[in-house]
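The values are calculated or read from the model by the stated rules, or taken from the named source; none is laboratory data. Since the structure is predicted, the reported quantities are computational estimates derived from the model, not experimental observations. Note that we place each Cβ from the backbone using ideal geometry, even for glycine, and neighbour counts take in every protein chain shown.
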């Protein structure tokens, strides 16, 4: 069979082209095929850690803060209500944010604005004393004493007064003591002193509450509005005019404070 040289050459070129094309597609398929990843089992406490954390910094961080797993603690702090078998259902929330919210209000609004209010009150007392001075009697003391309050009323009044002073002092130390007393005494003394203040504050509080209730029941009838209270209020109790303005058992200023 006679085959021309041109036909043979064309056949060789076609076969060579097909071979080169097949080799190229095979290379592209090999390059694009993904490499299967190895699946490893890990501890749930190690989920937040970086894989293959073999660097010295990662090892030191794991040793210094064991169990510092951000995803787990983020879930704990999410206020998710879990199941508990005890009667206190609030215990189902591991971390309650109410205490943190109160701490922010206490260290922010109460501490800052409360300090300014106390400062203004103290300045008002000092200004009143400087401008008016002490209250002088119109006549010298005669030596006669009149019982104005009963024994029960006096006991109730002084119980309320002493407990109020104790609560005020310990409250100021607890709220602002770290700003002016801690630098002077040091943490050891300040911690022990604050522990005493906290216990006094906690135990005196109920006594103050009871004394307020008893005081209110004893004096509420004599602190009701009466005729003449408006004149006393308009004249500021005689502070401006210097004249005595008649009042009942309690004047309008005492009734307002009550």
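Tabulated data
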quantity: Restricting the stretch 228-258 to residues that are out of contact with any helix residue (DSSP H, G or I) (no Cβ under 6 Å at 6 or more places or on another chain) and within 21 Å of residue 153 (Cβ to Cβ), the residue that is surrounded by the fewest Cβ atoms within 10 Å (Cβ to Cβ); calculated: 257
quantity: The stretch 64-84 residues that are within 19 Å of residue 100 (Cβ to Cβ), paired with ones that are modelled with pLDDT of 70 or more and in a loop (DSSP other than H, G, I, E, B) (beta carbon under 7 Å, 6 or more apart); calculated: 76/94; 76/95; 77/95; 79/93; 79/96; 79/97; 81/93
quantity: Some residue of the stretch 229-237 being in a helix (DSSP H, G or I) and touching a residue at least 24 places away in the same chain (Cβ under 8 Å); calculated: yes
quantity: Qualifying residue in the stretch 185-205 (condition: in contact with a helix residue (DSSP H, G or I) (Cβ under 8 Å, 6 or more places away or on another chain), exposed (fewer than 11 other Cβ atoms within 10 Å of the Cβ) and not in a helix (DSSP H, G or I)); calculated: no
quantity: Residue match in the stretch 213-227 (condition: more than 39 Å from the chain's Cα centre (by Cα), buried (at least 17 other Cβ atoms within 10 Å of the Cβ) and either closer than 30 Å to residue 165 by Cα or in contact (Cβ under 8 Å) with a residue 60 or more places away in the chain (or both)); calculated: no
quantity: Residue match in the stretch 87-106 (condition: assigned to a helix (DSSP H, G or I), touching a helix residue (DSSP H, G or I) at 6+ places or on another chain (Cβ under 7 Å) and surrounded by 10 or more Cβ atoms within 10 Å (Cβ to Cβ)); calculated: no
quantity: Tally, over the stretch 136-169, of residues that are surrounded by 10 or more Cβ atoms within 10 Å (Cβ to Cβ) and part of a helix (DSSP H, G or I); calculated: 18
quantity: Unmet criterion (only one of (1) closer than 21 Å to residue 173 by Cβ; (2) at pLDDT below 90) for residue 146; calculated: (1)
